[in-house]
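My structure is below; once you've seen it, I'll send some questions.
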Amino acid sequence: MSIRTSLLKEIETVQKERSLSDRAFSLGATGNPKFMSRLRTGNVTLASIEAAKRYVASLKRTPAQEAVR
C-alpha cells in the first residue's frame, strides 16, 4: 500500500468520525481547500502530506490527552 493510499484511508476514517467534509479537512490541515482532491490525484507536496498527518494526529487525540498538554 502506498503512502498516499494509507494516508487517504486514515483521513477518510477521521472524516467519518468527526463528520468533516473534504473541504473542511483540507482547510484545517493545510489551509488549501483543494488539498483532498489533489491528494487523490497524487499532486501534493511532502510538506502538505506532513501537515495532513499532524492534523490527523491532533484530531485523534482524546480530551484527556489534550488536558495533559
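Return the residues of segment 16-54 that are under 16 Å from residue 2 (Cα atoms) and not in a helix (DSSP H, G or I); say none if nothing qualifies.
Listed by number, the residues that qualify are 42, 43, 44, 45.
Condition first: modelled with pLDDT of 95 or more, on the phi < 0 side of the Ramachandran plot, assigned to a helix (DSSP H, G or I) and among the basic types (Lys, Arg). Can you find one or more residues in segment 7-15 that meet it? I'd like the intermediate steps shown before the answer.
Filtering segment 7-15 down to residues modelled with pLDDT of 95 or more leaves 7-15.
Keeping just the survivors that are on the phi < 0 side of the Ramachandran plot gives 7-15.
Going one step further and asking which of them are assigned to a helix (DSSP H, G or I), we end up with 7-15.
Among the residues that remain, those that are also among the basic types (Lys, Arg) are: 9.
Yes, some residue in segment 7-15 is modelled with pLDDT of 95 or more, on the phi < 0 side of the Ramachandran plot, assigned to a helix (DSSP H, G or I) and among the basic types (Lys, Arg).
Still on this structure, please answer the following. Scan segment 20-53 for residues that are touching a Lys or Arg at 6+ places or on another chain (Cβ under 9 Å), surrounded by 21 or more Cβ atoms within 10 Å (Cβ to Cβ) and among the small types (Gly, Ala, Ser) and report the count.
The qualifying residues number 2.
Still on this structure, please answer the following. Filter segment 44-69 down to residues that are farther than 16 Å from residue 33 by Cα and polar (S, T, N, Q) and give me whichever is modelled with the highest pLDDT.
Among those that are farther than 16 Å from residue 33 by Cα and polar (S, T, N, Q), it is 58.
Would you please name the residue that is surrounded by the fewest Cβ atoms within 10 Å (Cβ to Cβ), looking only at residues in segment 10-19 that are more than 11 Å from residue 52 (Cα to Cα) and either more than 10 Å from the chain's Cα centre (by Cα) or acidic (Asp, Glu) (or both)? Walk me through how you get there before you give the answer.
The initial filter retains those residues of segment 10-19 that are more than 11 Å from residue 52 (Cα to Cα), namely 12-19.
Filter once more, so that each one left must be either more than 10 Å from the chain's Cα centre (by Cα) or acidic (Asp, Glu) (or both): 12, 16-19.
Values: 12: 14, 16: 9, 17: 10, 18: 12, 19: 7.
Residue satisfying both the conditions and the ranking: 19.
The values are calculated or read from the model by the stated rules, or taken from the named source; none is laboratory data. None of these values were measured; they are calculated from a predicted model. Using ideal geometry, Cβ is built from the backbone for each residue, glycine included, and neighbour counts are taken over all protein chains shown.
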